[in-house]
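Below is one structure, written out as structure tokens, with a few remarks after it.
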Amino acid sequence: GMRRIWKEHLYKVLVIGDLGVGKTSIIRRYVHQTYSSNYRDTIGVDFALKVLNWDSETVRLQLWDIAGQERFGNMTRVYYREAMGAIIVFDVTRPATFEAVIKWKEDLDSKLILANGQNIATVLLANKCDQGREMTNSGIKMEQFCKDHGFVGWFETSAKDNFNISEAANFLVKHIMSTE
Ligand code: GDP
Ligand code: MG
């Protein structure tokens, strides 16, 4: 008879970026289909699991949220350990959070390198795009930024309007699977 090999993947994915950019909102929207304009700050590290059916395979995305440590602009190696992908978020209404993206990416790449010597696949999210598109209206500039800083791609997202979040996650998963 026919034999099928079922494969399961577990991917640890980090969600980082400055305080208030919408990391927790993105995760809640993606995993729990909820949104609220006033979350209480969680302290420490929070996890959420999203299970995807990917062709005939199962992908378990373990999303790591941070809370309270954002102000330091960096995380410990222990937190980054064994991550397979990352999402770096900025807030399109606050340019300083875009400048901080470079710092987050450098922190990540300096503390985590895959066995093959590569950096982990990282996507850039321009969140709160429901609030305006001035910062990202030059797609060419954003593409160049991604090339210069080693992002596999970028997406405008809105946790509020549920825009582009699963698209961004799928894009990241595709990248992780292609390099695994
Ligand atoms: P975190 O500190 O990065 O986890 O950010 P939060 O998820 O706590 O979000 C900070 C604030 O921004 C909250 O008041 C959210 O409701 C709000 N927020 C998050 N995502 C969006 C979005 O896509 N659009 C708008 N307008 N507000 C958002
Ligand atoms: Mg948060």
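Nothing in this text is a laboratory measurement; each read-out follows from the coordinates by a stated rule. Predicted model, so just to flag it, every value in this text is computed and none were measured. Counting neighbours? That spans all protein chains shown, and the Cβs are built from the backbone with ideal geometry, glycine included.
Computed over the chain, the convex hull of the alpha-carbon atoms projects to a mean area of 11.2 nm².
Beyond a 20 Å Cα-Cα separation, which of these cross-linked pairs lie in this structure: 23/50; 7/174; 50/105; 12/50?
On the way: 23/50 15 Å; 7/174 15 Å; 50/105 24 Å; 12/50 11 Å.
Cα-Cα > 20 Å for 50/105; rest within.
Remark: region 1-148 carries a charge dipole of roughly 380 debye about the Cα centre, counting +1 on each Lys and Arg Cβ and -1 on each Asp and Glu Cβ.
Highest mean packing comes first when the peptides 148-158, 93-103, 18-28 are listed by Cβ atoms within 10 Å, giving 18-28, 148-158, 93-103.
Run through the DSSP bridge list for the chain and note the antiparallel percent, rounded to the nearest 5. Show your work: numbers first, answer last.
Working: 12 of 35 bridges.
The antiparallel fraction comes to roughly 35 percent.
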